[in-house]
Structure formats: structure tokens, C-alpha cells
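Written out below as C-alpha cells is the structure these notes cover.
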Amino acid sequence: MSARFPIEVSIGAFAGILALAAAAAPAPAVEIPRFVEETATSGVSHQYDGGWEFFVGGGVAVFDCNGDGRPDLYIAGGAGVSVLYRNESAVGGALRFAPVPDSGAEISDALGAYPLDVDGDAIADLIVLRVGENIALRGLGGCRFERANEAWGFEGGAAWSTSFSARWEQGRAWPTLAIGNYVDREAAGSPWGTCSDNVLHRPAANDSGFDRPSALSPGYCSLSMLFSDWDRSGRADLRVANDRHYYRGGEEQLWRLPPGEPPELYTRADGWKKLVVWGMGLAGHDLTGDGYPEYVVTSMGDNKVQSLVSAFQGPAYEDIALSRGLTAHRPFTGGDIQPSTGWHAEFQDVNNDGLIDLFIAKGNVEEMPEAAMRDPNNLLMGQPDGTFIEGAEQAGIISYARGRGAALADLNLDGMPDLVVVNRRDPVQLWRNAGRGDAANPVPIGNWLALRLRQSGGNRDAVGAWVEVKAGGRVQRREITVGGGHAGGTLGWVHLGLGSEATAEVRVEWPGGRTGEWIPVQANRFFVIERERNGARRWVPVM
């Protein structure tokens, strides 16, 4: 997507084709929380920068690196050095972070990173995506890391890596890692059609470390990928979002990965329909309440929201973005009418009303004249009728920086998700969620619940599980995944809004298919759900 190469189809036409009627927007049927920007006082001073290899990427990994329950931040630096920030925020207080010196995670040429417990020692590790060799960092506790490529048999390669996802195959203690690669920088001449193959790292035969990587071919310049159980079969397949700017004859992809067998692409015969977009970010959530996840694919122009037609027809999807108000195809304020450029996408209930919301980071690739330069991020608020309405301006999160990666997470453990956004060639921004209050007096909107899953064996965080929360006659469902977004992800507390409900019941479908009993819990608390105990253990943060 370099500005040096023209797009073969004018995306400016999208503005006319996709523009909705210019009538006044209806009043939202939901309460929009107020976010307070605390970038200047947060202690986070960082910028994602670099040449054209860093037009993409710019991710943040959100995870607990020292075991205090607070989400810490590892932020990619592009051509500069990536930085780990320890969370020092007081519960319910202003956002405060401190850089961790000599953490072992100071890595240059990084586009992003994803947290997961690779070796099953109950300490989060990091997979760092780079222009060049990817690096596996083993967590040592206390926000310290060490290189683990050689110890784990992880071959980092030399490609330009831009996406990641992970899953645990049945009966294996070590995960399967998928890494998506972008343009082949060694190819002669034009970059058109020179996408590198993606790669798959599967566990070694002795289930200690990784086997030699195998190719996922063809590769079509992936900018996001996500292992997800799209048909609720108990097996996660790999969905890949690809950037059409550089491939020829390609499309979005869905890979079937039978345990211990070579991967296979789903085809038209299976029900998979061809979709060609500038795929940049992925996020999944059950929007329709039928038990199956929908998938948002961010793009240039309009975004896609794919909904499964019927599990009996295979992976056949229809686009429901327009009917749900989720196209987010052009800036909603700022005066620019050119098409938007979407990057990171993330579902989260920012106002705790029990209705899911969607954040999309926006920003021009660099200086593309046919795309908006003033392109604010979206905060699309879920409404009771299943549609979404823009809330970013009322929420106070308007920014005209070139957004890339992002995360919605409860950084100060007050039950209200906060926001961090990584920008290209501009400082990282942090906003604290003040609910219906302000910086001096935050007031929560609605009740909430925060859950963390634990099980024995290699997959300690129960990646691949489904969490169901029943409250007020409704059931919310969350799939525990690692991947998606754009160049970064979150590992830790699963946040759910409960609206006015003071109690709820929780049930977990664990990896492998076993479903636990319904567990009663009280609102506005943190709970650890342990598979072996089939119970909820309350966790209380230290102030």
C-alpha cells in the first residue's frame, strides 16, 4: 500500500457509491461514555515511525507482565525501539505507566506483537513481528523477557511479517502459530503480485518447542489473521484478511487445519465466496445472537461485516455492514469526504449496557490522495435494535493522527474499558473512560463483570474456549482468541457489561468440548474461572 504505487481501482468512487443519505443522524438510543485524554500525564511517550515498510503495522500488546492483574503495554516502535510500559495506575484513578528499563524486550524494526503463554508456565510471552526475523520472547516474570527462538526451535525467518494468530490443537501442550507475511522485498521489479507465503509453526513431535515452519501458500499479503471456531465445531480455522493493493488473482482466505494434517483452503465447493478488499484488520463477535461469530474486516472505503448464512451450507457469508450501520466508509466529522482507511478493529462494551460496541482505528496509509487525510477513529455504539451509531465525537476521542493499532482494556481496573491508540509518526494516545462523569469524578455507566479463565496443561488461558454470561434474560457469548486486530492484541481479563443487572450466571465451554455448569456471580467484580474446580474465585485488585 505504498504511496509510490497507484491503486488500480479508484477508491474515490466509493464515496459516491456507498454514501448514505445526508439526513441528520438520529439520536442514539444508548448512553455514550465520556473519555478523558491522559496522554500527556500517563507516562507513555512513544511513537511508531519508519519508512515505507512501516506504513502498515503499529501494534500494541496488552497483557499483565508482572502478575499484579493490571494490563501492561508493549508498544511497537517501527524503525525505532519497541518499549514495555508497566501499569502503575491506582484502581479507579488516572492512567499512569512507567517504561521498564532493560526488560529484554527492546527490539527494533518491529511492526507489532501478540501476547500468549507459549510454554505453559503461567507467565505471558510475546511473539514480536518484524521487518526481518520475528522474535519469540519468553516471559520470566517481573516484566522481564529473554529471546527464545533457539530454545523453542522457533525459526523467525527473514520476511516482512504483518499478522499473527495462535490456537492449541487437540491434545497438544504447545500452540500452533500462524504468521502472515506481506510484500516479498527481495522480488525484482514491481511489487505487484509479490506477496510472500504465510507460515505455520506447529508443535514438535515431542510437544516441546516447534517443528520446522511450513508454508501457507498462496499468500496474498496478509494484514490480519484470526483462528476462530466459525461453525462451533470445536476446531478453530484460520481466517486471513489480505491487502488487495499488492496481490493479483487473490482474495480473502479461510484455512482448514485438521489436527496433524496439512492445511487446506476452503473453496467455492465448500461454500466459501470470493471477497476482494483491502483487508487490514479482523475482529469477531456474535452480533446476531445465533451462537455463531460475525467477522468485521476493515478496509479502504467500506468495511465488511460477514454473517454466516447457515452452518449447514459451509462458510457461506453475507455482508450485513450496511444494514447494521457498520460500513464506516468515510469520515463522520472533520470536513474530509474522501473514503476512510480502517485498521485495527475491536469489539468491547464501553458503556456496560450489555450491548457490544465497535472501535475502528483510522488513518491514511501515508499521503494517498484518494483517501481521507483527516480520518478520525470510529466508536460505533451498539443499540437495542442491533444497529450501531457513531459516538466518537460525543465520547471525546476525536483525533486526526494516522491511527494504526489500538486496544480497549480496563487499564485502571474500575470496570470501564479505556483506550490506547498507536499512531504513525505521532505519539501514542491514551484515553481514560470516565463513564458519565469526568476526570475528577468518574461515574460508571451500568454494571460489569471481568473474567479470567484458567486450566492446567499447556493452554493455561483456555484459548479456544467460549464464555457465556446469562443476565436479564439475555446470553452474551465471547470466544477466547489470540490474533486479529491489527498488529497487536490483548491477553487477560474478559470484560462484559451487564446493564442494570446486579447478578449473572457464567458458563464456559472449555477447549476440547467440555461445558461447565452455570456459576452464579455478582456484578462489578473480577473472577477467575478454573476448569478443574468448575467454580469462580473472586480476585480483588490491590489499590
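The values are calculated or read from the model by the stated rules, or taken from the named source; none is laboratory data. Note that the structure is predicted; figures quoted are calculated from it, not measured. We place every Cβ from the backbone using ideal geometry, glycine too, and count neighbours over all the protein chains shown. In case anyone asks, the SASA skips ligands and DNA or RNA and just uses the protein heavy atoms, side chains included. Shrake-Rupley method; radii C 1.70, N 1.55, O 1.52, S 1.80 Å.
Keeping the other protein chains in place, figure out the carbon and sulfur percent of the accessible area of segment 307-435, with a 1.4 Å probe.
51 percent
Select from segment 138-198 those chymotrypsin sites (Phe, Trp or Tyr not before Pro) which occupy a DSSP coil region and have at most 14 other Cβ atoms within 10 Å, ordered by residue number.
Qualifying residues, ordered by number: 192.
Compute the FRET efficiency between residue 290 and residue 532 as 1/(1 + (r/R0)^6), taking r as their Cβ-Cβ distance and R0 = 30 Å, and round to the nearest 0.05.
Computed FRET efficiency for residue 290 and residue 532 comes out at 0.45.
Per residue, how many Å² of accessible area does segment 101-185 show with a 1.4 Å probe?
Solvent-accessible surface per residue comes out at 29 Å².
Counting other C-beta atoms within 10 Å, and keeping those with at most 12, which DSSP coil trypsin sites (Lys or Arg not before Pro) do you find in segment 441-532?
514
From the helices alone, meaning DSSP H stretches of at least four residues, give me the mean residue ellipticity at 222 nm for the chain, per-run term -39500 (n - 2.57), in deg cm²/dmol to the nearest 500.
It lands at -500 deg cm²/dmol.
Ignoring ligands, DNA and RNA, please state the percent of accessible area on segment 114-220 from carbon and sulfur, probe 1.4 Å.
46 percent
Farthest toward the dipole's positive end in the chain, which of 77, 467, 521, given Cβ charges of +1 (Lys, Arg) and -1 (Asp, Glu) about the Cα centre?
Farthest along the dipole direction, towards plus: 521.
Give me the number: length gained by fully extending residue 502 to residue 385, i.e. 0.36 nm times residue separation minus the C-alpha to C-alpha distance, one decimal in nm.
Once the chain is fully extended between residue 502 and residue 385, it gains 39.8 nm.
Tell me, what is the per residue accessible area of segment 309-423 in Å², probe radius 1.4 Å?
Per residue, segment 309-423 has an accessible area of 28 Å².
Explain nothing, just the number: relative contact order of segment 340-383, from Cα pairs under 8 Å at least 6 residues apart, as a whole percent.
Relative contact order comes out at 39 percent.
Between residue 31 and residue 269, how many nm apart are label points set 7 Å from Cα along the C-beta direction?
So the two model labels end up 5.6 nm from each other.
Tell me which lysines have Cα within less than 27 Å of residue 304's Cα, excluding those fewer than 8 residues away on the same chain?
Straight-distance partners of residue 304: 273, 274, 362.
Summarise the accessible area of segment 244-291 (1.4 Å probe, protein heavy atoms) by the percent that is carbon and sulfur.
50 percent
Among 253, 272, 221, whose Cα lies farthest out toward the positive end of the dipole of segment 213-298, if unit charges sit on the beta carbon of Lys, Arg (+1) and Asp, Glu (-1)?
221
Go through 127, 42, 29 and say which Cα lies farthest out towards the positive end of the charge dipole of segment 29-140; charges sit on Cβ, +1 for Lys and Arg, -1 for Asp and Glu.
In segment 29-140, that residue is 29.
Explain nothing, just the number: dipole magnitude of segment 142-223 about its Cα centre with +1 on each Lys and Arg Cβ and -1 on each Asp and Glu Cβ, in debye rounded to the nearest 20.
Working: 7 positive and 9 negative charges, 40 e Å.
Charge dipole of segment 142-223: 200 debye, to the nearest 20.
Based on Cβ point charges of +1 for Lys and Arg and -1 for Asp and Glu, what charge dipole magnitude is obtained for the chain about its Cα centre, in debye rounded to the nearest 20?
In debye, rounded to 20, the chain gives about 400.
Tell me the per residue accessible area of segment 257-307 using a 1.4 Å probe; a whole number in Å² is fine.
34 Å²
For the chain, what does the relative contact order come out to in percent, with C-alpha contacts under 8 Å and a separation of six or more?
Once normalised by length, the contact order is 17 percent.
Let me know the shape class of segment 470-521, please: from the alpha-carbon gyration tensor, a ≥ b ≥ c as square roots of the eigenvalues, rounded when a/c is under 1.5, otherwise prolate if a/b is greater than b/c, or oblate.
Here segment 470-521 falls in the oblate category.
For residue 47 and residue 439, what does the FRET efficiency come to when R0 = 25 Å and r is the distance between their Cβ atoms, rounded to the nearest 0.05?
In this case the efficiency is close to 0.55.
Give, rounded to the nearest 20 debye, the magnitude of the charge dipole that segment 100-159 has about its Cα centre when Lys and Arg contribute +1 at Cβ and Asp and Glu contribute -1 at Cβ.
120 debye
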